[in-house]
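Asks: Structure in structure tokens, see below.
The values are calculated or read from the model by the stated rules, or taken from the named source; none is laboratory data. This one's a predicted model, so the numbers in the text were calculated from it and none came from an experiment. Neighbour counts are summed over all protein chains in view; Cβ atoms, including those assigned to glycine, are modelled from backbone coordinates with ideal geometry. Heads up: the accessible areas ignore ligands, DNA and RNA and are worked out on the full protein's heavy atoms, side chains in. Shrake-Rupley method; radii C 1.70, N 1.55, O 1.52, S 1.80 Å.
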Amino acid sequence: FFQIGAGGTVTSLTACGGGGFGPSDRRLKKNIRQYGKSLNGINIYLFEYKDEKYGKGVWQGVMADEVEHIDGAVVNMGEYKWVNYDKVDVEFKQI
């Protein structure tokens with residue numbers, strides 16, 4: 001579910017099922033290193049968030065800018081991009 005704010009910007013997301021959404025904008029991350037590729041050829045990364053409000057420790061996921069070509073995979077949350085992990089064949093998880 002999406003909540004739309006002023007100017008048509010998504011202001012909140014609620015996952016309904018499987019992978020849900022994850023903050024996947026490259027600008028939110030540090031210590032980014034490619035870990036592998038999915039069966040569909042999507043790069044899989046390990047990373048940490050610069051701001052712990054998004055999560056502590058090491059995470060696995062994708063970079064939003066690399067999956068924008070997949071219909072419905074990326075949503076703008078204010079100035080940052082989030083990925084709908086139900087649309088990609090990569091699991092978003094803490095390692």
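Asks: Would you pick out the residues in segment 77-86 that are under 14 Å from N43 (Cα atoms) and in a strand (DSSP E or B)?
Replies: The answer is V83, and nothing else.
Asks: Contact list please: Cβ distance under 7 Å, first residue in segment 43-59 and over 14 Å from D25 (Cα atoms) and in contact (Cβ under 8 Å) with a residue 12 or more places away in the chain, second residue open to solvent by 70 Å² or more (accessible area, probe 1.4 Å) and part of a loop (DSSP other than H, G, I, E, B), pairs at least six apart or on different chains.
Replies: V58/I95
Asks: Additional query: What tally of residues in segment 27-38 results from selecting those that are open to solvent by less than 90 Å² (accessible area, probe 1.4 Å) and outside any strand (DSSP E or B)?
Replies: 2
Asks: State all residues of segment 39-76 that are at pLDDT below 95, assigned to a helix (DSSP H, G or I) and either in contact with a strand residue (DSSP E or B) (Cβ under 6 Å, 6 or more places away or on another chain) or of a type in the set (S, T, Y) (or both); if no residue qualifies, say none.
Replies: Listed by number, the list holds a single entry, Y54.
Asks: Checking K56 against (1) open to solvent by 50 Å² or more (accessible area, probe 1.4 Å); (2) within 16 Å of F21 (Cβ to Cβ); (3) of a type outside the set (S, T, Y), which test does it fail?
Replies: That leaves (2) as the condition not met.
Asks: Restricting to segment 85-95, name every residue that is in contact with a Leu (Cβ under 8 Å, 6 or more places away or on another chain) and either open to solvent by less than 30 Å² (accessible area, probe 1.4 Å) or under 15 Å from K29 (Cβ atoms) (or both).
Replies: I95
Asks: When residues of segment 68-86 are filtered for being closer than 19 Å to G36 by Cβ and either free of Cβ contacts under 8 Å to residues at least 40 places away in the same chain or in contact with a Cys (Cβ under 6 Å, 6 or more places away or on another chain) (or both), how many remain?
Replies: So the count comes out to 2.
Asks: Collect the residues in segment 66-80 that are of a type in the set (D, E, K, R) and either surrounded by fewer than 14 Cβ atoms within 10 Å (Cβ to Cβ) or touching a Ser or Thr at 6+ places or on another chain (Cβ under 6 Å) (or both), keeping them in residue-number order.
Replies: Scanning segment 66-80 gives E68, D71, E79.
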